[in-house]
């Protein structure tokens with residue numbers, strides 16, 4: 001059974017307040033039998049939801065024989081305990097549901113560690129509720145006479161068990177943080193090793209079509225499905241743009257409204273590709289009536305990662321099934337660098353390639369390189385990393401007019417002192433050998 005308390009600052013779709021929660025529940029393997037909403041200016045003090053609606057919720061639970069109640073809010077441990085006692089059912093809030101989905105989908109060792117850390121950090125403050133039934137039992141040394149349940153300062157087995165669980169949780173959290181820090185450092189080194197490459201990262205709301213777009217652009221074979229959080233791990237592949245240019249394209253985990261902050265912190269290593277990208281491709285589901293809200297949710301996460309200033313293109317995906325023309329035109333009119341496309345049909349992908357190609361121009365320069373004949377390895381590296389526009393063979397070596405990434409040029413000059421660079425292509429003496437672009 002689903003439930004939601006709609007507060008004044010809610011970001012839910014007011015036309016279908018439980019629609020996204022239903023999709024999340026089904027993604028977790030839950031069979032949804034109904035739902036209930038209540039508009040309030042603030043949570044009810046005792047159980048978040050008012051007494052009248054609580055009675056209605058109990059009736060729905062009994063009618064449909066529901067086993068669990070899921071709230072589209074982040075509830076306090078106190079609210080969850082009170083609701084479970086009153087309803088006699090397991091109660092989950094939105095954050096715990098999303099964490100469960102991530103736990104189900106985490107396949108790589110890195111993702112599993114990150115999800116476990118987020119779950120433990122979420123669960124630790126809620127441990128007291130798990131042992132509340134034992135707190136009424138007297139402590140071993142607390143009773144001083146017949147009928148005495150316990151004196152001031154005594155601790156029953158329930159309280160001791162809470163302390164044990166919290167200590168175990170703290171130790172496990174420390175261990176996980178050390179492991180994830182090592183992964184994070186390794187990921188940073190991996191990403192920084194690509195500084196000579198132009199990097200592009202796909203970001204967007206979950207199920208916006210990022211993985212499908214990557215597959216269409218690169219043939220990466222990325223798992224793609226029409227469901228929330230179909231993929232959690234990051235994949236990076238080379239995207240050939242033509243004209244001898246290529247970039248590294250990364251697909252990352254999707255974002256969602258009210259994404260638990262524990263997850264954002266834990267998955268920082270996974271999002272390293274986004275943090276250090278040269279260009280972001282923000283993929284938007286143009287067929288969704290909540291496109292504006294989804295854009296805002298993604299931008300909130302990007303801001304929390306301090307990468308909201310990275311240049312980006314907004315891609316209105318699923319143009320083949322988008323039926324709200326007014327909405328897509330409004331998006332295009334009020335946002336710069338907007339492109340309509342369909343990852344499924346290929347519409348707009350050529351224009352996207354040209355736009356990205358134009359973005360890479362800023363980091364490239366066209367120069368003439370002079371390489372001695374004996375530097376065969378250098379000639380090979382230039383051929384792999386640059387667009388060679390012409391070659392001229394002289395008595396002293398090879399002159400090459402090339403367009404190359406500025407960082408790659410600096411690296412080549414540092415590693416090969418014999419390389420001579422002439423700013424701007426020149427027409428030298430010798431036999432010319434034009435190279436088609």
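Listed residues 25, 55; which is in a helix (DSSP H, G or I), outside the structural domain of residue 226 (by TED's automatic domain parsing) and either within 22 Å of residue 228 (Cβ to Cβ) or touching a helix residue (DSSP H, G or I) at 6+ places or on another chain (Cβ under 6 Å) (or both)? The match here is 25.
Residue count for the stretch 28-47 under the criterion of being assigned to a strand (DSSP E or B) and more than 23 Å from residue 65 (Cβ to Cβ): the result is 2.
Against the test of being buried (at least 19 other Cβ atoms within 10 Å of the Cβ), modelled with pLDDT under 85, assigned by TED's automatic domain parsing to the domain that holds residue 212 and over 29 Å from residue 219 (Cα atoms), the options 290, 327 yield a single qualifying residue, 290. Residues that are touching a residue at least 40 places away in the same chain (Cβ under 8 Å) and assigned to a loop (DSSP other than H, G, I, E, B) were ranked within the stretch 72-88; the one that is surrounded by the most Cβ atoms within 10 Å (Cβ to Cβ) is 72.
If the condition is being in contact with a strand residue (DSSP E or B) (Cβ under 8 Å, 6 or more places away or on another chain) and surrounded by fewer than 17 Cβ atoms within 10 Å (Cβ to Cβ), then the stretch 45-67 contributes 50, 51, 56, 67. Within this structure, residue 382 fails the test of being under 28 Å from residue 358 (Cα atoms), part of a strand (DSSP E or B) and either at pLDDT below 80 or under 36 Å from the mean Cα position of the chain (by Cα) (or both). With respect to the conditions (1) at pLDDT 80 or above; (2) over 18 Å from residue 186 (Cα atoms); (3) assigned to a loop (DSSP other than H, G, I, E, B), residue 239 falls short on a single one, namely (3). Quickly run through the stretch 104-114 and pick out the residues that are over 17 Å from residue 182 (Cβ atoms) and assigned to a helix (DSSP H, G or I). Selection gives 104, 105.
If only one of 171, 181, 163 is assigned to a helix (DSSP H, G or I), under 30 Å from residue 238 (Cα atoms) and modelled with pLDDT of 75 or more, which one is it? On inspection, the qualifying residue turns out to be 181. The residues on offer are 234, 212, and the sole one that is buried (at least 21 other Cβ atoms within 10 Å of the Cβ) and touching a helix residue (DSSP H, G or I) at 6+ places or on another chain (Cβ under 9 Å) is 234. Across the stretch 32-49, not a single residue is classified as at pLDDT below 90, under 30 Å from residue 231 (Cα atoms) and not assigned by TED's automatic domain parsing to the domain that holds residue 232. Can you spot a residue in the stretch 249-272 that is at pLDDT 75 or above, touching a strand residue (DSSP E or B) at 6+ places or on another chain (Cβ under 7 Å) and surrounded by fewer than 20 Cβ atoms within 10 Å (Cβ to Cβ)? No; the residues of the stretch 249-272 include none that is at pLDDT 75 or above, touching a strand residue (DSSP E or B) at 6+ places or on another chain (Cβ under 7 Å) and surrounded by fewer than 20 Cβ atoms within 10 Å (Cβ to Cβ).
Could you list all residues from the stretch 302-317 that are modelled with pLDDT of 85 or more and buried (at least 18 other Cβ atoms within 10 Å of the Cβ)? Correct list: 302, 312, 313, 314, 315, 316, 317.
Say we look at the stretch 342-363 and pick out the residues that are in contact with a helix residue (DSSP H, G or I) (Cβ under 7 Å, 6 or more places away or on another chain) and surrounded by 13 or more Cβ atoms within 10 Å (Cβ to Cβ); which of these is modelled with the highest pLDDT? Restricting to residues being in contact with a helix residue (DSSP H, G or I) (Cβ under 7 Å, 6 or more places away or on another chain) and surrounded by 13 or more Cβ atoms within 10 Å (Cβ to Cβ), the top hit is 349.
Residues that are under 18 Å from residue 238 (Cβ atoms) and touching a helix residue (DSSP H, G or I) at 6+ places or on another chain (Cβ under 8 Å) within the stretch 383-414 comprise 385, 386, 404, 405, 407, 408, listed in sequence order.
The values are calculated or read from the model by the stated rules, or taken from the named source; none is laboratory data. Keep in mind that this is a model prediction, so the values were computed, not measured. Neighbour counts are summed over all protein chains in view; Cβ atoms, including those assigned to glycine, are modelled from backbone coordinates with ideal geometry.
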